[in-house]
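Here's the structure we're looking at; comments come further down.
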């Protein structure tokens, strides 16, 4: 138990040190290179020392806030790696075929249960959205590069989870009674909270009305930045704790 606690404390200490070093590297060179041991750049003149100390002090509260997000990035990377491994084995065509098969079976099940025409269309529409989004996510991750994955793959993956129920609600009154009121409450919270700065919420309220396809556009507007956030946190986790280090040392 004592050894495990020590290992956990060491892992936290190393992660925080690397996170702060990553912050320092934004302005000052050669602060962190997880692949090999390198020397840190050190300030030589008085102004350099002052700037270095101020930037380091500014990074302390940011690291305190950012470390819990980094832990989320570690968890997101763990599950994303497994999804990516399965998608790699299937390929884009395989993912599309599996999605079509799964949603096709759901559509057939809806038909056998004598759903209304609107209900059948809802299931089929949700399946189409999920299939396209999943194909884009896999294709984006296969293009290579961390930037492409963050910009394309993660937002498309989040969209594949969030958007199908909203699209289905356009054709299913039962789903609409659940999804649309909750979406409206969420929209009010966003407009009165994060988007209230600078009068952005007033502009949105004046130009847009939340009905019909506007619900779909709203959830796309949510899923894309959420996907970017996931991607950035996973990328940060890769920088602070590279994948090759997961098999050695302490784990959190």
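A short reminder: the numbers here are calculations on the coordinates, not readings from a lab. Only a predicted model underlies this, so the values are computations on that prediction, with no experimental measurement involved. Note that we place each Cβ from the backbone using ideal geometry, even for glycine, and neighbour counts take in every protein chain shown.
Applying 1/(1 + (r/R0)^6) with r as the Cβ-Cβ distance of residue 57 and residue 200 and R0 = 35 angstrom yields a FRET efficiency of 0.65. Full extension of the chain between residue 184 and residue 8 yields a length gain of 59.1 nm, computed as 0.36 nm times the residue separation minus the alpha carbon distance. Among 192, 15, the ranking by other beta carbons within 10 Å of each residue's beta carbon, starting with the fewest, stands as 192, 15. Taking a point 7 Å out from the Cα of residue 177 in the direction of its Cβ, the residues of the stretch 119-136 whose backbone N falls within less than 15 Å of it are 119. Computed across the stretch 69-245, the Kirkwood hydrodynamic radius from all distinct Cα-Cα pairs reaches 17.8 Å.
Inverting the pair-averaged 1/r between distinct Cα atoms of the stretch 164-250 gives 15.6 Å as its Kirkwood hydrodynamic radius.
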